[in-house]
């Protein structure tokens, strides 16, 4: 009786793939195996990122629902690789600010992009000036090499600047607040920024 060792179907398929891709050479087999391994690793990484994005989405929706049911219904949420996009319409500018503030509280958030529109602008004394203030501060932070500008969201309502996001350090946060206070027409600066190592981000 001739003994024939068992060979898995998966291994045969892998070897065949390598031989076909590499002209039946040993190098081709190795390349084929490496490609399969890399694809598997990428898929696993993508799966973990997808799970993390789902956790962020669930956390933010839960925070919104507890804070303001109307805001929860009116604001749309998309998460991609830790980047959060907010869209929709709310009645009041305060709801727009609150939606962003709560979004930054979810662990794993890297950036919040706020495209929420406000239906009732009657409470805004000078919308054009508020827009100018926000744009001015964003530009200043972008060109400050000591500040990670992508980690901050900026909202201005009636010349009051609301800062939200995650600061790398207290020194960086103080620098950002200083920039905000130096802008013309600003009446007040309110910071909801958390430090990178703040326990609230991991609670």
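The values are calculated or read from the model by the stated rules, or taken from the named source; none is laboratory data. Nothing here was measured: the structure is a model prediction, and the numbers come from that model. As a convention, Cβ positions derive from the backbone with ideal geometry for all residues, glycine included, and neighbour counts pool all protein chains shown.
Restricted to the stretch 141-157, and to residues that are in contact (Cβ under 8 Å) with a residue 40 or more places away in the chain and in a helix (DSSP H, G or I), which residue is surrounded by the most Cβ atoms within 10 Å (Cβ to Cβ)? Residue satisfying both the conditions and the ranking: 151. Given the condition under 20 Å from residue 89 (Cα atoms) and surrounded by fewer than 20 Cβ atoms within 10 Å (Cβ to Cβ), answer yes or no: does some residue in the stretch 158-176 qualify? The answer is yes; a qualifying residue exists. Determine whether residue 26 is surrounded by fewer than 16 Cβ atoms within 10 Å (Cβ to Cβ), over 32 Å from the mean Cα position of the chain (by Cα) and either over 30 Å from residue 192 (Cα atoms) or at pLDDT 85 or above (or both). When the stated conditions are applied, residue 26 passes them. Of the numbered criteria (1) under 18 Å from the mean Cα position of the chain (by Cα); (2) not in a strand (DSSP E or B), the one residue 174 fails is (1). Only one of the numbered conditions (1) in contact with a helix residue (DSSP H, G or I) (Cβ under 6 Å, 6 or more places away or on another chain); (2) surrounded by 14 or more Cβ atoms within 10 Å (Cβ to Cβ) is not met by residue 100, and that is (1).
The residues of the stretch 158-168 that are in contact with a strand residue (DSSP E or B) (Cβ under 7 Å, 6 or more places away or on another chain) and either farther than 15 Å from residue 114 by Cβ or in a helix (DSSP H, G or I) (or both), listed by number, are 160, 166, 167. Looking at (1) surrounded by fewer than 16 Cβ atoms within 10 Å (Cβ to Cβ); (2) more than 23 Å from residue 64 (Cα to Cα); (3) at pLDDT below 90, which is the only condition residue 123 fails? For residue 123, the failing item is (2).
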